[in-house]
Amino acid sequence: MSQKAQEILIKSRRKFYSHNLGNNPTAFVGNGMDFSELREYQPGDDVRKINHKASARMQKPYINLFTEERELNIVTVMLGSGSLYFGSADLKQNRVAEVIALLGFWALSNQDRVTTLIYTESDSYFRPPSKRMQLLDETIPHLVDFDTKHHKVDFDSLAHYLLGRISQKSLIFLVGDFYEVPDLNLLATKHELFCVVVRDRMEESPQLEGLFDLIDPQSGEVETVELNPSYAGQISREFEAHDRQLFEQFDKLGIRSTKIYTDEDPFIKLREMVK
């Protein structure tokens, strides 16, 4: 195990156990004991759930819905694009690994099943579901050491891959830099999605001036560009427009999301997202 993977595991373990992310989220409605809300009766509903007092008051049948704390299927996915191989404070790839480590400690401490996946257009790492805490010692080194350079992420193929491999309704966490605005509608209809956007402030607003050889980490192509305040402003505006569209898409599909920079502690934003 590399030193960076050990650091991430130690840091995440300490952070989690000193500030718990929270209990099992009540994202799925089932037959538990905690009342959730009333809903108008629909054909096929269990008639034993009819709330007779509310139905008499509303002059139409209503049923009780309940939230159920139960064992969940948690799927964490590193979107293994070559653009993760960048960072000024730290590599985006390392921050992605830390996010997945924190989510893993949270899920496993709740006795949930965790599946971990690295996905690219041509290569992937799939770790079958497990409830063992040792799972993180096995998966985090893969996330840190995986060579993302020259890789891309095809979100359409990712959706079909997950729908083929994950049959039971799950909480799926997609973690990456989201340089595209993906169509996640198909995946969101089957599973509950969370998207964690990991970025570096330098890529969104490069505070450099002069000629630089920039290497595209996906294609490997080299381009010489002159960085100056005007060009930096253009890049910032393009990122702002892109992210506005990205988060509007998440909101439209009911996907909970957050954005974490490489110089930030991801814990607080993750805790807010999974509340």
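The values are calculated or read from the model by the stated rules, or taken from the named source; none is laboratory data. Everything numeric in this text was worked out from a predicted model, so none of it was measured. Don't worry about glycine lacking a Cβ; one is built from the backbone with ideal geometry, like all the others, and counts go over all protein chains shown.
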**Item:** Residues that are within 23 Å of Asp183 (Cα to Cα) and either free of Cβ contacts under 8 Å to residues at least 12 places away in the same chain or not in a helix (DSSP H, G or I) (or both), drawn from region 226-246
**Value:** Arg237, Glu238, Glu240, Ala241, Arg244
**Asked** Which residues, taken from region 160-207, are in a helix (DSSP H, G or I), of a type outside the set (D, E, K, R) and either surrounded by fewer than 19 Cβ atoms within 10 Å (Cβ to Cβ) or in contact with a Gly (Cβ under 8 Å, 6 or more places away or on another chain) (or both)?
**Response** His160, Tyr161, Leu163, Gly164, Asn185, Leu186, Ala188, Thr189, Met202
**Request:** Within region 188-225, work out how many residues are in contact with a strand residue (DSSP E or B) (Cβ under 7 Å, 6 or more places away or on another chain), in contact (Cβ under 8 Å) with a residue 24 or more places away in the chain, more than 18 Å from Ser83 (Cβ to Cβ) and not aliphatic (A, V, I, L, M).
**Result:** 3
**Item:** Considering residues of region 109-134 that are of a type outside the set (Ser, Thr, Tyr), surrounded by 20 or more Cβ atoms within 10 Å (Cβ to Cβ) and under 11 Å from Ile74 (Cβ atoms) only, the residue nearest to the chain's Cα centre (by Cα)
**Value:** Val114
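Evaluate the following for Glu37: is it surrounded by fewer than 16 Cβ atoms within 10 Å (Cβ to Cβ), in a strand (DSSP E or B) and modelled with pLDDT under 90? Quick ask: steps written out before the conclusion?
Numbers: surrounded by fewer than 16 Cβ atoms within 10 Å (Cβ to Cβ): yes; in a strand (DSSP E or B): yes; modelled with pLDDT under 90: yes.
It is true that Glu37 is surrounded by fewer than 16 Cβ atoms within 10 Å (Cβ to Cβ), in a strand (DSSP E or B) and modelled with pLDDT under 90.
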**Some residue of region 208-231 being under 30 Å from Ala188 (Cα atoms) and in contact with an Asp or Glu (Cβ under 9 Å, 6 or more places away or on another chain)** = no
